[in-house]
Amino acid sequence: TAFLLLRSVWRALAAGRVRKRVGGGGGGLLHTAATPKGRRSLVRFSHATRSLRVKKSTSAHVGSGGERRGQGELRVVVAKASRDPEEVSRSVSVDEEVEDRQGLELSSAPTRNENWFRVVLAFLFPALGGLLFGYDIGATSGALVSLTNASTGGVPWYDLSTLQSGLVVSSSLFGALISSVAAFFVGDILGRRKEILLAAILYAIGVALEAGASSYPLLVAGRTIYGLGIGFAMHGAPAYIAETAPQQVRGLLVSLKEVLIVVGILLGYLASFLFVSKVEGWRSIYLLAAPVTAFLFAGMYWLPPSPRWLLLQSQPRAEVVSSLRKLRGPEVEEESLQSEVDVMESIAADAKGTSKGFGALLRKENLKPLLIGMSLMIFQ
């Protein structure tokens, strides 16, 4: 696992260096553009032959470098490597190679040096919701052992039946099931940030009831409310990370969120090891989640809403750019931010035009991702 993680980090960093080298050298990938019948095209520049090639692709996003033309044509905007504001446009046919006789070099999409401190914060704070989920998994067994022991339980209702013990363990999962279903209906209305803030509040209430429970019903209630926080956090956190992370590390950071769940399980086992033999140690085990819950709430309160969610809600462009600037840092050029918003607007426009609901999952283009996702859940 460590080897695969390090290899993923190395590949992400290597990809960043390649993009920087290609962008700075004035060659490589040009802005993508729309072609007839709604297809996407990538425009590439060959240093060896100094030629343009327009390639069909269904996975690229619409950018600001092209506009739809007549049948089989694409208008390509060529910018000078010196970043001269003057632009030269030409029309080329799809899959046609055209000589670059004017001696112009193609500039790739705007590149920048990422503020990795802000990138890490935008990943770490929502990922704490996953860490708290993992902590609950690891800590519950130790807390139950401490609670049901006559010498360490510290409460008159320590002698729980098998059914009662099972309910202590499963009540958080029952709460997570309820909030997961609720997130399907209210997630897009609340937004990713508010959804995680709600999860942090539910986590805090659950921890308070668990650690301070004076009766068995209060303990089960605390476990259920904590589970409600799990459902909202596991719905909002991956979406927020995916929508705010830079493109070159997006997949890596979404995957690392799963790593934090495993880290939380490890911390839960460690807390159980430290407090399971102490009187009322189960209260301390549950209470240790409180500081992480506070960090989760404070961090998400500081972070801005997801720029893509703002676009989906038809918020003003200035608000979207402001959110993106807080995520990327004040030193990022306005041109770079505007270019990134252009891409987001294109994706958001495509998303608004597609049908939603359970029926959309069964469409041909979504069937393969659906089967892959189901397979991961079954075989993991």
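A few comments on the model shown:
- Helices (runs of 4 or more DSSP H) wholly inside segment 222-341 that include at least 3 residues being over 21 Å from residue 183 (Cβ atoms): 250-275, 281-287, 289-302, 317-328
- When residues of segment 141-200 are limited to those that are open to solvent by 30 Å² or more (accessible area, probe 1.4 Å) and of a type in the set (Ser, Thr, Tyr), the one nearest to residue 267 (Cα to Cα): 141
- Residues considered: 121, 131. Of these, the only one that is surrounded by 17 or more Cβ atoms within 10 Å (Cβ to Cβ) and in a helix (DSSP H, G or I) is 131.
- Subset of segment 301-346 (residues that are open to solvent by 70 Å² or more (accessible area, probe 1.4 Å) and among the aliphatic types (A, V, I, L, M)): 318
- Any hit, segment 272-280, residues being farther than 26 Å from residue 116 by Cα and polar (S, T, N, Q): yes
- Within segment 217-265, considering residues that are touching a Ser or Thr at 6+ places or on another chain (Cβ under 8 Å) and of a type in the set (D, E, K, R), the one modelled with the lowest pLDDT: 243
The values are calculated or read from the model by the stated rules, or taken from the named source; none is laboratory data. Worth saying up front: this structure is predicted, and the values here are computed from it rather than measured. Backbone-built Cβ (ideal geometry, glycine too); neighbour counts: all protein chains shown. Note: areas computed on protein heavy atoms with side chains; ligands, DNA, RNA excluded. Shrake-Rupley method; radii C 1.70, N 1.55, O 1.52, S 1.80 Å.
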